[in-house]
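The values are calculated or read from the model by the stated rules, or taken from the named source; none is laboratory data. From a predicted model like this one, the values you see are computed outputs, not experimental measurements. Reconstructed Cβ throughout: ideal geometry from the backbone, glycine too, with neighbour counts over all protein chains shown.
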C-alpha cells in the first residue's frame, strides 16, 4: 500500500523554499487489532453522537465548546477555528539549529519522513540535508497539522530527512515531585562495580531486529488456533450504515543561499554558542 502524505507545504531556509511532503514513519496497523462485536446479534458495535434526552444528532449541528468554568461553555463554530490564518499551515521555516544531543528525549513525540515533491526540489533538499549532517545539527521549526501547531525537529536520516514533533515546554511534567523521596546519597562501591560490569558485558550496537513483541505473537498464535477450530464462534458483519503546492522552484540555488546570508546579517559568521535557551527539564521552582 502506497504511503499517503499527511502534510504538504514548503520547507523554508531563509529565502530558499523547498516543496515537501510529510509521511508517517511508523505503521499503526503493525499489531493485532480488534473490533467490538455485539455477541447476541454478531453485528459490529457503532458509536453515535447523542445528546441526553434527544438521542442521535446530526454532525453539522455540533459546535466546539470551551469550558469557562461552572459548567458554562463558550461556543465556537468549527469554521471559525478553521479560518485562523497561520503561516505554519503551509510553511515549515527552519528558525534555529541545535546540537543533535541537545534536546532531551522526553520532548520527542512522533516521527515523520520529509520527502521532496519533485526533481526540482531535490537539489535544495540535498543541500539542507548535507549541511545539517556536516554540522551535526538539528533544525527547529513549527508547522500546523490536523488542527494543531507543532514544534518540530528535523535531522538527517539515511538519504533523507526525519522530522519529529516535539512536546512544548508546558506539556512536560515536573520530575522533582516524583523523585524527591529518592535519597541523594552515593551508591555502594561494590554494588556499583558489579552493576557496571553487567552493563559493560551486555553493551552492543543497537539492533531493532533483535527485539520482538511477544504479546502480539501470542495473540496471533491464539487467533491461528481459533481459526482452525470449527467450534470457535463467528460473526459475519454486514455493511456499515449510516494537489501538491506549487512552492518556489529553486532556479539558482547558490544565488538564493547567498541572498539568504546577506538577509540574515551580511558575511557568514560563526554561530553563537547558545543562540537560545536549550530545552531542558523544568527546575524545582518554575
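Mind counting the residues in the range 140-154 that are part of a strand (DSSP E or B) and out of contact with any helix residue (DSSP H, G or I) (no Cβ under 6 Å at 6 or more places or on another chain)?
9
Going residue by residue through the range 67-81, is there one that turns out to be under 30 Å from residue 154 (Cα atoms), modelled with pLDDT under 85 and in a helix (DSSP H, G or I)? Steps first, please.
The initial filter retains those residues of the range 67-81 that are under 30 Å from residue 154 (Cα atoms), namely 81.
If we keep only those that are modelled with pLDDT under 85 too, we end up with 81.
Add one more test, that the residue is in a helix (DSSP H, G or I), and what stays is 81.
Yes, that holds for at least one residue.
For residue 84, indicate whether it is farther than 30 Å from residue 221 by Cα, at pLDDT below 85 and either out of contact with any strand residue (DSSP E or B) (no Cβ under 7 Å at 6 or more places or on another chain) or assigned to a loop (DSSP other than H, G, I, E, B) (or both).
yes
Residue-by-condition table, conditions (1) assigned to a loop (DSSP other than H, G, I, E, B); (2) surrounded by 10 or more Cβ atoms within 10 Å (Cβ to Cβ); (3) at pLDDT below 75:
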| site | (1), (2), (3) |
| --- | --- |
| 206 | yes, no, no |
| 257 | no, yes, no |
| 261 | no, yes, no |
| 277 | yes, no, yes |
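Looking at (1) surrounded by fewer than 10 Cβ atoms within 10 Å (Cβ to Cβ); (2) over 18 Å from the mean Cα position of the chain (by Cα); (3) modelled with pLDDT of 85 or more, which is the one condition that is false for residue 26?
(2)
Considering each residue of the range 143-166, count those that are touching a strand residue (DSSP E or B) at 6+ places or on another chain (Cβ under 8 Å), surrounded by fewer than 17 Cβ atoms within 10 Å (Cβ to Cβ) and closer than 18 Å to residue 89 by Cα, and give that number.
Selection size over the range 143-166: 1.
Could you go through the range 57-72 and let me know if any residue there is under 24 Å from the mean Cα position of the chain (by Cα), surrounded by 12 or more Cβ atoms within 10 Å (Cβ to Cβ) and over 18 Å from residue 146 (Cβ atoms).
no
Conditions first: (1) out of contact with any helix residue (DSSP H, G or I) (no Cβ under 6 Å at 6 or more places or on another chain); (2) within 28 Å of residue 264 (Cα to Cα); (3) assigned to a strand (DSSP E or B). Residue 161 passes all but one, so which condition is the exception?
Condition (1) is where residue 161 drops out.
In the range 116-137, is there at least one residue being buried (at least 16 other Cβ atoms within 10 Å of the Cβ), within 14 Å of the chain's Cα centre (by Cα) and within 16 Å of residue 22 (Cβ to Cβ)?
Checked the range 116-137: no residue is buried (at least 16 other Cβ atoms within 10 Å of the Cβ), within 14 Å of the chain's Cα centre (by Cα) and within 16 Å of residue 22 (Cβ to Cβ).
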